[in-house]
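Encoded as structure tokens, the structure appears first; notes follow it.
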Amino acid sequence: MTPIRVAFLGPPGAGKGTQAARLAQQHGIPRISTGDILRHAVHARTDIGCLAKRTLDRGELVADDVVMRIVSERLSRADARRGFVLDGFPRTVEQAAGLEQLMVDRDGLIAIEIVVGESELIRRLSNRMVCRDCGNAADAGVLTCHVCAGPLTQRTDDIESVVLERLALYRRVTAPLTEFYRSRGQLYPVDGGRACDRVEADINAFIQRRFAFRAAESASEGSESIGV
Ligand code: ADP
Ligand code: ZN
């Protein structure tokens, strides 16, 4: 089996967390969310957490070297050898280049970009409730987390002024990453404006095609062509 190595790209509120969790669960591989790791560090008041708290509350980006250290440590663990799903990373071209360095001995990465219009994102984020304990997005109309039964809260960076800041930052700094991956033949865009299950089905069909193709290719010592 070719390991599934995927990074989800897309603006805040696009549904990266939901889709990344579903994909990781189906394949029994870890979902690595830099946002979750950073929020845990803040709650646990680790050194990184204390440094990052203000940055997170303002919706700004944590320094590339800090994020690279987190990801490099996480990817070196045994459970990431069979594949992984990155969520919220990379977020800058520097991080994408750093990730390529970390992956020199591994098969290439696929970036799945979840595309959603801006007015829809603002609507989703300002209504979003998440689990205080595990960060999962809550289902509509429920009072506790469906994963761990933890209490729901609004993220401190989901208030409207910060949401607008995060969206602007995304356009300026992170959106250029789609070009980075597109030019390498590693980008798969999906329409994230549809229901979660439709988006998931689209991603699953793509993963089937893409990774079955890769497995067949490596079995026959095939060329480097891309099946995207
Ligand atoms: P969202 O995608 O909804 O904005 P995340 O949970 O991915 O939220 O990230 C929350 C915050 O954590 C970001 O606003 C940023 O401050 C920080 N963060 C997460 N991932 C990165 C990263 N790869 N580089 C820099 N900062 C990050
Ligand atoms: Zn939870």
Those residues of the stretch 147-194 which are over 19 Å from the mean Cα position of the chain (by Cα), of a type in the set (A, V, I, L, M, F, W, C) and within 16 Å of ligand 2 (Cβ to nearest atom), in sequence order: 148, 149, 152
Test: residue in the stretch 72-83 that is under 18 Å from residue 210 (Cα atoms), away from ligand 2 (no atom under 16 Å from the Cβ) and surrounded by fewer than 19 Cβ atoms within 10 Å (Cβ to Cβ): yes
Among the candidates 74, 123, residue that is of a type in the set (D, E, K, R), closer than 28 Å to residue 172 by Cβ and within 13 Å of ligand 1 (Cβ to nearest atom): 74
Selection status of residue 71, touching a residue at least 60 places away in the same chain (Cβ under 8 Å) and closer than 24 Å to residue 185 by Cβ: no
Among (1) in a loop (DSSP other than H, G, I, E, B); (2) surrounded by 12 or more Cβ atoms within 10 Å (Cβ to Cβ); (3) without any contact (Cβ under 8 Å) to a residue 12 or more places away in the chain, the one test that residue 149 misses: (2)
Leading residue by the ranking (farthest from ligand 2 (Cβ to nearest atom)) among those in the stretch 1-16 that are touching an Asp or Glu at 6+ places or on another chain (Cβ under 6 Å) and not in a loop (DSSP other than H, G, I, E, B): 9
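Quick grid of which residues meet (1) surrounded by 13 or more Cβ atoms within 10 Å (Cβ to Cβ); (2) modelled with pLDDT under 95; (3) farther than 14 Å from residue 14 by Cβ:
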site: 164; (1), (2), (3): yes, yes, yes
site: 193; (1), (2), (3): yes, no, no
site: 196; (1), (2), (3): yes, yes, no
site: 204; (1), (2), (3): yes, no, yes
site: 210; (1), (2), (3): yes, yes, yes
site: 219; (1), (2), (3): no, yes, yes
site: 223; (1), (2), (3): no, yes, yes
site: 228; (1), (2), (3): yes, yes, yes
Criterion (touching a residue at least 60 places away in the same chain (Cβ under 8 Å) and either among the hydroxyl-bearing types (Ser, Thr, Tyr) or in a helix (DSSP H, G or I) (or both)) met by exactly one of 86, 51, 99, 38: 99
Test: residue 140 is more than 16 Å from ligand 1 (Cβ to nearest atom) and free of Cβ contacts under 8 Å to residues at least 24 places away in the same chain: yes
Looking only at the stretch 102-142, and only at residues there that are exposed (fewer than 13 other Cβ atoms within 10 Å of the Cβ) and part of a helix (DSSP H, G or I), the one that is farthest from ligand 2 (Cβ to nearest atom): 119
Pick from the stretch 20-35, criterion touching a helix residue (DSSP H, G or I) at 6+ places or on another chain (Cβ under 6 Å) and assigned to a helix (DSSP H, G or I), ranking: nearest to ligand 1 (Cβ to nearest atom): 34
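The values are calculated or read from the model by the stated rules, or taken from the named source; none is laboratory data. Computed from a predicted structure; not experimentally measured. Counting neighbours? That spans all protein chains shown, and the Cβs are built from the backbone with ideal geometry, glycine included.
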